[in-house]
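Structure record follows, encoded as structure tokens.
The values are calculated or read from the model by the stated rules, or taken from the named source; none is laboratory data. Predicted, not measured: the structure shown is a model, and the values here were computed from it. Neighbour counts run over all protein chains shown; Cβ positions are idealised from the backbone, glycine included.
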Amino acid sequence: MKEIILQPIAFVRNSRTRPTDDFWGSIVSGIELADGVPAESFNSISGFSHLEIIYYFDKVETKDIVFAGHPRGNENYPLTGIFAQRKKDRPNTIGLCTVELLAHEGRTITVKNLDAIDGTPVLDIKPVMKEFQPKGEIVQPTWVADLMKDYWV
């Protein structure tokens, strides 16, 4: 098997310095390309309204990684496997978020609705294309709406 080596292509810049579970809605983030990544990598990005940001939870400690638990430690929610949650304490500590693109200037894009803290390494950026979006209704357990009620406030 080929060795997997990932390098950051950019870094998040914002006012959030600690990971917390709620109130991400007011956070506006810059995503600045890493040294060695050419500014041309952002050519034509302004034609898209939304992007998918793939990032690395670099502050997660190995001891915190879980494979199942009650979301946010709340026993009112069911015991749930890690692959049925979006928790940061994941086996490969990779995050994924769909963001709104607000601006592009040189080596930086400005986005809204990114739940990553200042300094977070970005592994990849992909444009959101309608053709890649789910077909049909999106279904989720009822407890998820309660869990997420203050997330994007």
In the list 139, 153, 144, which residue meets the criterion of being touching a Gly at 6+ places or on another chain (Cβ under 7 Å) and under 30 Å from residue 77 (Cα atoms)?
153
The listed residue being under 24 Å from residue 47 (Cα atoms), in contact (Cβ under 8 Å) with a residue 40 or more places away in the chain and either in contact with a strand residue (DSSP E or B) (Cβ under 7 Å, 6 or more places away or on another chain) or of a type outside the set (Lys, Arg) (or both), out of 147, 101:
101
Look through the range 76-108, keep the residues that are hydroxyl-bearing (Ser, Thr, Tyr) and touching a Phe, Trp or Tyr at 6+ places or on another chain (Cβ under 8 Å), and return whichever of them is farthest from residue 143 (Cα to Cα).
93
Within the range 1-29, the residues that are among the aromatic types (Phe, Trp, Tyr) and part of a loop (DSSP other than H, G, I, E, B) are 23, 24
Of the candidates 30, 25, the one satisfying the condition of being surrounded by 11 or more Cβ atoms within 10 Å (Cβ to Cβ) and modelled with pLDDT of 95 or more is 30
Would you mention how many residues in the range 119-144 are within 22 Å of residue 84 (Cα to Cα) and either in contact with a Cys (Cβ under 9 Å, 6 or more places away or on another chain) or free of Cβ contacts under 8 Å to residues at least 12 places away in the same chain (or both)?
11
Flagged in the range 42-57 as loosely packed, with under 13 Cβ neighbours inside 10 Å and either in contact with a Leu (Cβ under 8 Å, 6 or more places away or on another chain) or in a loop (DSSP other than H, G, I, E, B) (or both), in numbering order, are 43, 44, 46, 49
Looking at (1) closer than 26 Å to residue 128 by Cα; (2) of a type outside the set (Ser, Thr, Tyr); (3) out of contact with any helix residue (DSSP H, G or I) (no Cβ under 7 Å at 6 or more places or on another chain), which one does residue 85 not meet, given that it meets all the others?
(3)
Here are some residues: 111, 60, 66. Which one is aliphatic (A, V, I, L, M), under 29 Å from residue 140 (Cβ atoms) and in contact with a helix residue (DSSP H, G or I) (Cβ under 8 Å, 6 or more places away or on another chain)?
66
